[in-house]
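What follows is a single structure, written as C-alpha cells, with notes after it.
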Amino acid sequence: MFRFAQSEYLLLLLIIPALIIIYILWSMRKRQLLSKIGNIDLLAQLMPDVSKRRGWFKLILLCFAILCIAIALARPQTGSKVKKEETGRGTEVMIVLDVSNSMLAQDFKPTRLERAKLAISHLVDRLKNDRIGLIVFAGDAFVQLPITSDYVSAKIFLKSINSGIIPVQGTNMAKAIYLALNSFSENSNKSRSIIIISDGEDHEEDAISAAAEAAEQNVRIHTVGIGSAKGAPILLPDGNFLKDKNGDMVITRLNEAILKTLAQKTEGIYFSATNADMGLTKIVENINKMDKKELTKITYDEYREWFVYFLLLSLIFIIGEVLVLEHKNKWLNSIDIFRIKKNKKQKP
C-alpha cells in the first residue's frame with residue numbers, strides 16, 4: 001500500500017510550471033533588450049562564454065529539487081508488512097465527529113474534542129471485521145478517512161484532527177449525515193451505522209430530515225452527547241476565550257434533545273458521555289447485533305517512510321544547480337596539460 005501522509009504539500013509542485021513560465025518570459029525579454037543593442041548572432045560571437053543551454057540546465061536541476069522537496073514534505077509511505085488479508089462478516093461504521101469551536105470547552109478534560117478522539121481510538125481497538133470511516137464537521141463537513149479496514153491508518157488520521165481542520169465554523173450535522181450516507185459502499189445493504197459524537201449545538205434545521213433519509217436507507221444513527229448541562233467557556237487555541245458580538249463570554253452547553261431525536265428516528269441509541277468510554281461499548285454491542293456482510297480485511301502493521309531519500313536527492317540537485325554556472329568556466333578551460341608540455345622550455 002502506497003500513500004502520502006501529508007498530501008497537501010504536493011501543491012508545492014505548482015511552483016515548477018510557474019518557474020518555467022517566468023524563465024521563458026525572462027529569456028524573451030533579455031533577447032529583446034539585446035536586439036536593441038545589435039544583431040543577436042553578432043553579439044553571440046562577441047560573447048563566446050555565454051551559454052544558452054546552461055541556463056536551462058540550471059532550471060531543470062532546480063525543478064527537480066523542488067519536486068523532491070514537495071514529495072519529501074508529503075511523506076511518501078508504503079505498507080511494509082501485511083498483517084492480515086482475510087474475509088469475514090462485518091459492518092460498515094461511519095464516525096461523524098464534531099470539531100466546531102464548542103468542542104474546545106474544558107468541561108471534559110483536556111477538552112471535549114480530545115476526549116472524543118480518545119474514545120474513538122478505544123472504539124477502533126474493539127472492532128474486528130468491520131470497516132470504519134471518519135467524517136469531521138463544523139459549519140461544513142468532509143471525509144477525513146474513507147471506509148477502510150486499515151485500523152492503523154484510522155488511528156493516524158484520528159490523531160491529526162483538530163478544531164481548525166474545518167475553516168467554516170458552526171455545527172451543520174445535516175451535511176455531515178448526508179455525506180456519511182454517500183460514503184458507504186454500494187453493496188453494504190443493511191450493515192451500516194453512523195455514530196455522531198457532538199455537543200448537539202446544531203445551528204441548522206435539516207438534521208432531522210437527514211435522519212429520516214438515513215432511516216429510509218436502513219442506516220442506524222447512534223449519538224453520543226459530550227458536554228455538561230451547566231456548560232463551559234470555549235478556550236481558543238490562541239489562549240483567549242470565545243466571546244460574542246457584545247463582548248460577553250460564550251458558554252456552550254450540551255443539547256441532548258437533537259441528539260436523542262436523531263437516534264430515535266433510526267432506531268439507534270443515545271448516550272451521554274460520562275467516562276472515557278463515552279458509551280461507545282454499548283454502541284458497538286448494538287452494531288454487532290446487526291446483519292453482517294462478507295468483507296475483505298487488509299491491515300498493515302507499519303508504514304515505511306521514504307521522505308529522507310527525496311531530501312537527499314533534492315540536496316544533490318540544489319548543489320548541482322549552484323555549481324553549474326550560466327557561462328563557460330574560464331578556469332576549467334585554462335587547464336590544458338598538452339599546452340603546458342608544449343610551452344615548457346627544454347634544457348640543453
## Note on the structure
Residues in the range 216-232 that are on the phi < 0 side of the Ramachandran plot, buried (at least 16 other Cβ atoms within 10 Å of the Cβ) and within 31 Å of the chain's Cα centre (by Cα) total 9
### Query
Just a yes or no: is a residue in the range 181-194 in the same structural domain as T223 (by TED's automatic domain parsing), at pLDDT 85 or above and out of contact with any strand residue (DSSP E or B) (no Cβ under 6 Å at 6 or more places or on another chain)?
yes
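Hey, among I161, I147, I120, which residue is under 23 Å from Q217 (Cβ atoms), among the aliphatic types (A, V, I, L, M) and in the same structural domain as S209 (by TED's automatic domain parsing)? So that I can check it myself, show each step before the final result.
Details: I161 fails: under 23 Å from Q217 (Cβ atoms); I120 fails: under 23 Å from Q217 (Cβ atoms).
Result: I147 is the single residue among I161, I147, I120 that is under 23 Å from Q217 (Cβ atoms), among the aliphatic types (A, V, I, L, M) and in the same structural domain as S209 (by TED's automatic domain parsing).
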## Note on the structure
Residue set A105, A176, A138, A154; condition closer than 18 Å to I221 by Cβ and crowded, with 18+ Cβ neighbours inside 10 Å; output residue A176
### Task
Count, please, the residues in the range 273-290 that happen to be closer than 14 Å to R220 by Cα, free of Cβ contacts under 8 Å to residues at least 60 places away in the same chain and not in a helix (DSSP H, G or I).
1
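For the subset of the range 200-242 comprising residues that are outside any strand (DSSP E or B) and β-branched (V, I, T), which member is farthest from N182 (Cα to Cα)? Explain how you work it out, then say what you get.
Kept after step one, since they are outside any strand (DSSP E or B), are these residues of the range 200-242: 200-219, 226-231, 236-240, 242.
Subsequent filtering for residues that are β-branched (V, I, T) retains 208, 219, 226.
Working: I208: 17, V219: 11, I226: 26 Å.
Among those residues, the one meeting the criterion is I226.
For (1) of a type in the set (G, A, S); (2) at pLDDT below 70; (3) under 32 Å from the mean Cα position of the chain (by Cα), each residue gets a yes or a no:
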site	(1), (2), (3)
P17	no, no, yes
I20	no, no, yes
S51	yes, yes, no
I66	no, no, yes
K83	no, yes, yes
### Query
In this structure, does S153 turn out to be small (G, A, S) and assigned to a strand (DSSP E or B)?
no
### Query
Which ones in the range 243-272 are in a helix (DSSP H, G or I) and either free of Cβ contacts under 8 Å to residues at least 60 places away in the same chain or not assigned by TED's automatic domain parsing to the domain that holds V224 (or both)?
E256, A257, K260, T261, A263, Q264, K265
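The values are calculated or read from the model by the stated rules, or taken from the named source; none is laboratory data. All of these numbers come straight from a predicted model, not from anything done at the bench. Glycine also receives a Cβ, built like all others from the backbone with ideal geometry; neighbour counts cover every protein chain displayed.
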